[in-house]
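The values are calculated or read from the model by the stated rules, or taken from the named source; none is laboratory data. Predicted, not measured: the structure shown is a model, and the values here were computed from it. Cβ placement follows ideal geometry from the backbone for every residue including glycine, while neighbour counts extend to all protein chains displayed. Quick note on the areas: whole protein, heavy atoms, side chains included, nothing else; ligands and nucleic acids left out. Shrake-Rupley method; radii C 1.70, N 1.55, O 1.52, S 1.80 Å.
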Amino acid sequence: MQRLVIAIAVLASFVTFLDGTVVTVALPAIRDELGGGITTQQWVVDAYLITLSALILLAGSLSDAYGRVRIMRIGLIAFGIASVAVAAAPEPVTLIIARAVQGAAGALLVPSSLALIMATMRGELQSRAIGVWTAFTTGAQIAGPLLGGLFVDLLSWRWVFLINVVPIGVTLVLLARLRLPDRPRGVRVDWWSGVLCAVGLGALVFALIEQPNLGWGSPAIWTPGIVGVALFIGFLVRQRHSPTPLMPLSLFSARNFAWGNLATLFIYAALSLNGFVVGVYLQEGAGLSATAAGLASLPITILMILLSSQAGAWAGRLGPRLFMTVGPLLMAVGALLLLTVAEEFDYWWQVLPAMIVLGLGLSLTVAPLTSAVLGAIDEDRSGIASAVNNAISRVAGLIVVAMLSTIVGGSLNLDGFHSAAWVTAALMAAGGVVSWIGIRKTAFAEPAPPS
């Protein structure tokens with residue numbers, strides 16, 4: 001049964017992570033066919049991330065309340081329908097709306113899949129399983145640009161979103177074979193918190209994306225910015241007083257959970273920024289095809305698949321602190337190597353070394369990070385713990401992509417690319433320092449006091 005659980009968890013999350021990155025190399029083709037500049041490209045990415053990150057907390061509660069298998073099945077079907085809608089979009093607004101729906105469906109998948117692993121395995125076996133999960137799901141994030149590039153060059157950008165049909169179908173078949181108790185637990189779900197989080201994040205991201213076009217002095221910018229911040233503060237206050245919070249603040253009393261999520265914020269902001277900038281610049285700046293731009297990150301995928309499971313096993317025996325420190329610092333070095341990219345572009349000397357170093361660092365980081373965060377929380381709350389960690393990683397990407405124009409100076413030219421490399425390196429280094437300061441070796445879950 002354990003192999004079946006891992007297969008289901010990997011496949012269910014695969015489509016969510018894949019679609020978070022597969023779109024990157026398709027952005028120039030989408031812009032050429034449907035119109036729009038960098039702002040439209042930001043919205044295509046962030047519409048997905050807004051609903052994914054805002055609703056993943058709600059999805060974690062739904063998973064714990066109504067059963068992981070049931071919520072996963074609903075998410076898979078909805079994700080498939082939304083993917084077809086994205087592929088059929090005739091203009092940018094429809095595409096952006098469909099992407100938002102797709103993100104909402106994806107939010108149902110990630111916490112349910114990880115909760116299945118946490119509920120059926122413990123100890124070193126759990127760490128190894130998480131290593132396998134992170135190898136393939138993070139590999140999906142990195143391989144996304146390659147698959148997207150192939151479809152863009154050989155068929156159409158629309159086929160990028162239809163490739164979800166196969167893994168969704170396979171996962172639904174495997175779910176039908178899984179015999180696992182999955183009874184509703186009667187847990188109340190705080191729907192109002194979900195609304196506060198989603199609307200607050202949406203308003204704040206709107207202000208960040210549109211600010212370069214309208215300026216901070218425009219009421220159309222500062223009004224939603226203030227509203228977004230106020231609603232998100234309201235969300236945090238409600239979590240403190242709600243009897244059934246979406247994000248129980250008591251979870252953060254577990255040291256590794258709190259510090260691990262802070263490290264997650266820095267590391268995944270850096271990963272999202274780097275993925276977006278490399279995927280777009282290699283096409284629009286260096287003149288590569290979509291397939292070649294996708295192939296650029298292939299070394300990271302290979303290293304993740306080869307090393308992540310072993311890194312998870314090592315972290316299970318030695319503790320995650322060393323890996324969570326060395327890994328991000330290695331990735332910071334990899335980001336700085338991208339500063340060698342010049343007008344006379346050469347992939348082999350300017351990009352490949354960076355990809356190798358980034359891949360080594362990422363392989364050392366992801367499985368230990370996931371194990372540290374989820375291993376700090378008891379199994380009964382594994383669904384919501386997984387949801388919180390994934391929400392933080394998506395919010396990190398959401399915010400950094402929304403700030404892209406500010407980071408690159410309004411244009412993703414060579415200077416903008418170098419600016420993004422500096423910011424990526426700084427964020428990675430911050431993640432390593434935070435991990436060294438805060439993470440401790442824990443073999444079993446640290447029970448958090450009730451909310």
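Computed quantities for the displayed model
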quantity	calculated
Radius 14 Å from Cβ of Phe79, net charge of other residues (Lys, Arg +1; Asp, Glu -1)	+1
Which of Tyr48, Tyr347 is most accessible, then next, and so on - probe 1.4 Å	Tyr347, Tyr48
Amide H partners (placed H, <5 Å) of Ile377, local residues excluded	Glu446
Chain lengthening between Lys441 and Thr244 when straightened (0.36 nm per residue, less Cα-Cα)	67.9 nm
About the Cα centre, charge dipole magnitude for the chain (Lys/Arg +1, Asp/Glu -1 at Cβ), debye	1780 debye
Normalised contact order of the chain, rounded percent, pairs of Cα under 8 Å and 6 or more residues apart	25 percent
Exposed GluC sites (Glu not before Pro) absent: longest stretch of the chain, with sites in DSSP loops and at most 16 other Cβ within 10 Å deemed exposed	1-342
FRET efficiency estimate (nearest 0.05) - Cβ-Cβ, Ala258 to Ala426, R0 22 angstrom	0.50
Packing rank of 292-305, 389-402, where each peptide gets the mean count of other beta carbons within 10 Å, highest leading	389-402, 292-305
Mean-position separation - Cα centroids, the range 390-422 and the range 32-57, in angstrom	14 Å
Distance (nanometres) between label positions extended 7 Å along Cα→Cβ at Ile81 and Ile233	3.9 nm
Around Thr325: net Lys/Arg minus Asp/Glu count, Cβ-Cβ under 15 Å	+3
Computed [θ] at 222 nm, deg cm²/dmol, the chain (DSSP H ≥ 4; -39,500 (n - 2.57); rounded to nearest 500)	-26500 deg cm²/dmol
Nitroxide proxy distance, nm - points 7 Å out along Cα→Cβ at Asn413 and Ala220	2.7 nm
Whole-number Å³ per residue for the convex hull built on Cα positions in the range 316-427	98 Å³
Value of Rg to Rh for the range 172-295 (Rh from inverse mean 1/r over Cα pairs, i.e. Kirkwood)	1.10
Hull volume in cubic angstrom per residue (convex hull over the Cα atoms of the chain)	120 Å³
Residues in the range 297-313 reached by a label modelled at Tyr347 [backbone nitrogen below 17 Å; 7 Å Cα→Cβ]	297-303
The range 315-361, relative contact order in percent, only Cα pairs under 8 angstrom and at least six apart counted	46 percent
For the range 1-76: Kirkwood Rh in Å [reciprocal of mean 1/r, alpha carbons]	14.4 Å
Local net charge near Pro90, Cβ-Cβ under 12 Å (Lys/Arg +1, Asp/Glu -1)	-1
